[in-house]
Structures are given as C-alpha cells and as structure tokens.
Amino acid sequence: IFPEPGDYKLSYFRERTEADAWHRSDWDRRAVIHAGYNKVHFDTQFSRYRADGSIIGSYTSINITTLVDSK
C-alpha cells in the first residue's frame, strides 16, 4: 500500500523484475466494482511476461482511485 504520492519508488519495481527477466505486462481484467461521486473501485488482474512470451506470473488486486482537489 502506497498512500501518498511519491511513496512508491521505481527502484522497488526494478529490483523485483530484473531477476525474472521481465519484458512487459498486460491487463487481463479491469472491471469497475463500485463507483461513487469521488471514488472508483476496480477489480484488476495483470500478467507479467518475458521477451520470449513466457509468463512470469498473474496478479490480482483491488485498486481504489479517488478524486482529490478536483484531480
């Protein structure tokens, strides 16, 4: 969980993906499961792939996007 902008550093991602020879990611699923005036909840799944197309893994999550200061 990264509650504040800037909490997540790109170096965290690189450290976790270089060992797996990560090449790209694709969304498998992005579905709105709840939407309100200033918040949307998404049920998501994405997969990570190597350059040869072999799958590293698939990952599910609930993403919550909020409207803050009209942004």
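Taken together, the values in this text are just the output of simple stated rules run on the coordinates, not laboratory data. This is a predicted model, so every value here is computed, not measured. As a convention, Cβ positions derive from the backbone with ideal geometry for all residues, glycine included, and neighbour counts pool all protein chains shown.
Taking the highest mean first, how do the peptides 60-70, 21-31 order by number of other beta carbon atoms within 10 angstrom per residue? Write out the running numbers ahead of the final one.
Values: 60-70: 9.1, 21-31: 11.7.
Packing proxy ranking, top to bottom: 21-31, 60-70.
Over 18 Å, how big is the tail of the calculated P(r) for segment 1-68, in percent of all Cα pairs?
Numbers: 1211 of 2278 pairs.
Of the Cα pairs, 53 percent sit more than 18 Å apart.
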